[in-house]
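The values are calculated or read from the model by the stated rules, or taken from the named source; none is laboratory data. Remember, predicted model here, so these are calculated numbers, not experimental data. Neighbour counts are summed over all protein chains in view; Cβ atoms, including those assigned to glycine, are modelled from backbone coordinates with ideal geometry.
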Amino acid sequence: MRPAPVRHISLAVGILAAVSLFAGGFGCSKEPAAPQPVVKRQAPNPEAKAPAARAAEAQAQAKKIEPVALYDPRGKRDPFVSFIKVEELRKTGIGTALLPPLQRYDLGELKFVGVIWTKKGAMGLVEDAEGKGYSVTVGTRIGRSGGVVSRITGKEILVREEFVGNRGEKIVKESGIQLTTAGGK
């Protein structure tokens with residue numbers, strides 16, 4: 001007689017073998033269903049139609065000509081042109097190193113640190129990110145976007161920037177650089 005654990009294992013293997021044979025026998029015994037019979041009908045005789053009916057059909061087809069849809073690109077943005085404005089200076093080969101220092105920085109990178117009042121008008125003192133100072137007057141070009149100083153007050157410098165929108169329209173934006181006080185703002 002075999003020991004008890006071996007007896008239980010051999011009994012379990014025997015039961016699994018019997019179940020798999022029993023289940024495998026039922027899976028393969030079905031036959032595929034017979035295909036549906038094809039019903040054959042006779043095609044209508046083309047000579048059976050009257051000549052008047054043929055003429056009426058030809059006129060109906062001539063009247064059913066659909067209008068052709070044409071695309072009109074006027075007033076629409078060209079989808080193959082980049083919506084990001086490429087600087088004209090880069091196209092001509094002039095790098096940013098040849099630009100004046102105030103045109104190398106964005107307006108957000110410049111700090112307005114003071115005003116000098118002269119007989120000719122107000123003169124603003126602007127400092128760049130490196131700590132270098134520059135003086136600006138009305139009409140001075142400032143910023144990468146080609147902005148021009150339009151007005152200098154005791155609290156801010158107003159810069160007028162002109163852009164071309166994505167539909168080709170001219171957009172004018174008035175930005176301000178606030179005076180930075182000793183506290184930092």
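Among residues of the range 143-161 that are over 12 Å from F112 (Cα atoms) and among the polar types (S, T, N, Q), those with a Cβ under 8 angstrom from a residue that is modelled with pLDDT of 90 or more and not in a strand (DSSP E or B), sequence gap 6+ or separate chain, pair up as S150/V138.
Out of the residues in the range 77-95 meeting the condition of being touching a Lys or Arg at 6+ places or on another chain (Cβ under 9 Å) and surrounded by 10 or more Cβ atoms within 10 Å (Cβ to Cβ), tell me which one is modelled with the lowest pLDDT. Looking at the filtered set, the residue picked out is E87. Could you tell me which numbered condition I9 fails, if it satisfies all but one of (1) within 59 Å of the chain's Cα centre (by Cα); (2) surrounded by 10 or more Cβ atoms within 10 Å (Cβ to Cβ); (3) at pLDDT 70 or above? Answer for I9: the failing condition is (1).
Can you name every one of the strands (runs of 3 or more DSSP E) wholly within the range 131-185 that holds 2 or more residues which are more than 28 Å from F83 (Cα to Cα), more than 29 Å from the chain's Cα centre (by Cα) and modelled with pLDDT of 90 or more? Outline the logic, then answer.
Numbers: elements: 133-136, 147-152, 156-164, 170-178.
Filter on the range 131-185 gives 133-136, 147-152, 156-164.
Contact map, the range 88-117: residues that are more than 18 Å from E161 (Cα to Cα) paired with residues that are at pLDDT 85 or above, Cβ distance under 6 Å, separation 6+ or inter-chain. Pairs shown: T96/R104; V113/L125; V113/E127; G114/L125; V115/A122; V115/G124; V115/G154; I116/M123.
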